[in-house]
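Step one of this worksheet: look at the structure below.
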Amino acid sequence: MNSRNVLIIGAGPAGVTTAIQLRRYDIGVVLVEKEEIGGLLRNANLVENYPGFPDGIGGMELVGLFKRQLESAGVSVSFEEVLELEYEDSKFHAKTNERVVTSDIVVIASGTKPKPISDMKISKGIEERMFHVIHPIRGLSGKQIAIIGAGDAAFDYALGMSQRNEVTILNRSSRAKCIPVLWGRCMESRNVSYMNKVCVEEIRGDGRRIVLTCAHSGDGKKSELHADYVVFAIGREPCLDFLGSGLKRKVETLTDSSGIHMVGDVRNGIYRQVAICVGDGLRAAMEIHSSVAGEGNEDTS
């Protein structure tokens with residue numbers, strides 16, 4: 001067993017891949033995850049660009065395979081949240097809601113968080129019916145779902161929720177930003193409606209339902225849309241709130257020295273794809289092995 005200890009923050013595709021490969025090198029890992037294994041992959045309706053699945057594979061099904069592979073590799077996941085990560089005395093110190101983890105190397109695979117909503121009025125008391133992801137409401141049936149956004153995530157969410165619900169996609173722009181295949185499938189679905197040039201100005205509760213006040217930029221008119229749940233798909237940003245003030249000043253230096261490895265969505269901007277995350281995680285593990293071994297051994301397996 002190699003004496004070096006690697007802390008991996010986040011058990012999405014990037015963190016999972018890093019952990020599996022490091023175990024192949026017999027390098028000890030501590031894999032922590034604040035929610036559930038899989039990250040945003042848990043929301044994917046169908047993953048069609050991941051090699052090895054010619055007919056595509058559901059996001060949750062792929063997550064299930066990741067879990068099985070973690071178990072086969074002997075990697076356990078500690079479900080705890082990293083509250084603060086600092087670097088002192090040549091060691092990383094991660095304070096979680098359970099303990100303090102000390103490590104020589106840290107892999108940050110913490111993914112993204114929703115961008116804050118700042119341009120619409122939202123009444124209090126309806127938070128439990130508003131979401132930024134769909135995995136918590138996958139079991140709904142016979143409901144009306146309003147999805148605000150017009151990128152790949154919005155249309156994929158719509159496909160996932162429209163199997164047993166009615167979905168309306170609200171786009172403030174004149175054109176959708178999703179890939180053609182998602183657009184085509186949503187337009188073919190009887191349970192998906194699409195509205196463009198619509199800006200949601202206010203969201204309020206009305207008994208058991210939600211009312212969205214919409215301004216139509218085309219004709220200047222306003223209308224109201226009633227829904228049971230609202231899903232925001234308006235963009236995401238890196239989740240790095242846990243970085244301590246001291247570490248923030250050292251991130252660039254520690255990254256150059258291979259002490260910190262940023263992998264997956266936390267570093268890739270709009271390029272949030274499973275295959276990219278997996279490649280990031282594998283590369284990080286190989287770089288860590290090379291630095292620990294003190295040589296540039298190449299593993300092509």
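The values are calculated or read from the model by the stated rules, or taken from the named source; none is laboratory data. This structure is a prediction, so every number in the text was calculated from the model and none was measured. Cβ coordinates were reconstructed from backbone atoms using ideal geometry, including for glycine residues, and neighbour counts include every protein chain displayed. For the accessible areas, the whole protein counts, side chains as well, though only heavy atoms, and no ligand, DNA or RNA atoms are used. Shrake-Rupley method; radii C 1.70, N 1.55, O 1.52, S 1.80 Å.
Determine how large the accessible area of Cys199 is when every protein chain is in place; take a 1.4 Å probe and give Å² rounded to the nearest 10.
Spelled out: Cys199, probe radius 1.4 Å, area about 40 Å².
Going 7 Å from the Cα of Ser290 along its beta-carbon direction, which residues of region 247-268 have the amide nitrogen within less than 19 Å of the resulting point?
253-264
Please report, in debye to the nearest 20, how large the charge dipole of region 1-123 is about its Cα centre when each Lys and Arg carries +1 at its beta carbon and each Asp and Glu carries -1 there.
80
Would you mind calculating the gained length between Lys115 and Tyr50 on full extension (0.36 nm times residue separation, minus the Cα-Cα distance), in nm to one decimal?
That pair, Lys115 and Tyr50, stretches by 20.7 nm at full extension.
Only Cα pairs under 8 Å and at least 6 apart count here; give the relative contact order of the chain as a rounded whole percent.
For the chain, the relative contact order is 22 percent.
Tell me the mean residue ellipticity at 222 nm calculated for the chain from its helices only (DSSP H runs of n ≥ 4, each -39500 (n - 2.57), averaged over every residue, nearest 500).
Helices in the chain give a 222 nm mean residue ellipticity of -8000 deg cm²/dmol.
Suppose every Lys and Arg Cβ carries +1 and every Asp and Glu Cβ carries -1, with no other charges. What dipole size does region 167-208 come out with about its Cα centre, to the nearest 20 debye? Show your work: numbers first, answer last.
Working: 8 positive and 4 negative charges, 28 e Å.
Taking the Cα centre of region 167-208 as origin, the dipole is about 140 debye.
Pick out, in residue order, every one of the trypsin sites (Lys or Arg not before Pro) in region 155-236 that is DSSP loop and has at most 11 other C-beta atoms within 10 Å; say none if there are none.
Arg175, Arg190, Arg208, Lys221
Could you check what % of the DSSP bridge pairs in the chain are antiparallel, to the nearest 5? If you can, show how the numbers build up before the last one.
Working: 28 of 62 bridges.
Roughly 45 percent of the beta bridges in the chain run antiparallel, per DSSP.
Return the FRET efficiency for the residue pair Ala275, Arg138: r is the Cβ-Cβ distance, R0 is 30 Å, and the value is rounded to the nearest 0.05. Working shown, then result.
Numbers: r = 23 Å, r/R0 = 0.78.
Efficiency computed from Cβ-Cβ geometry: 0.80.
Apply the Karplus parameterisation 6.51 cos²θ - 1.76 cosθ + 1.60, with θ equal to phi minus 60°, to every residue of region 139-153 and state each ³J(HN,Hα) to the nearest whole Hz, in sequence, with x for glycine and proline.
Listing the rounded values in order: x, 5, 8, x, 10, 10, 10, 9, 10, 9, x, 8, x, 4, 4 Hz.
Determine the distance separating the Cα centre of region 39-74 from the Cα centre of region 183-202; give it in Å without decimals.
The two parts, judged by their Cα centres, are 27 Å apart.
Assign unit charges at the C-beta atoms only (+1 for Lys and Arg, -1 for Asp and Glu), then state the dipole size of region 188-301 relative to its Cα centre in Debye, rounded to the nearest 20.
560
Counting only protein heavy atoms, what percent of the accessible surface of region 26-91 is carbon or sulfur at a 1.4 Å probe?
Summing carbon and sulfur atoms, their accessible area is 44 percent of the total for region 26-91.
Provide the solvent-accessible area of Met60, counting protein heavy atoms only and rolling a 1.4 Å probe, rounded to the nearest 10 Å².
It works out to around 90 Å².
Using a probe radius of 1.4 Å on heavy atoms only, what accessible surface per residue do you get for region 29-186? Whole Å² is fine. Walk me through the numbers before you get to the answer.
On the way: 8010 Å² over 158 residues.
For region 29-186, the solvent-accessible area averages 51 Å² per residue.
Check Thr112: other-chain or 5+ apart residues with amide H under 5 Å from its amide H, H built from backbone geometry?
Here the answer is Cys239, since their amide H atoms fall under 5 Å of that of Thr112.
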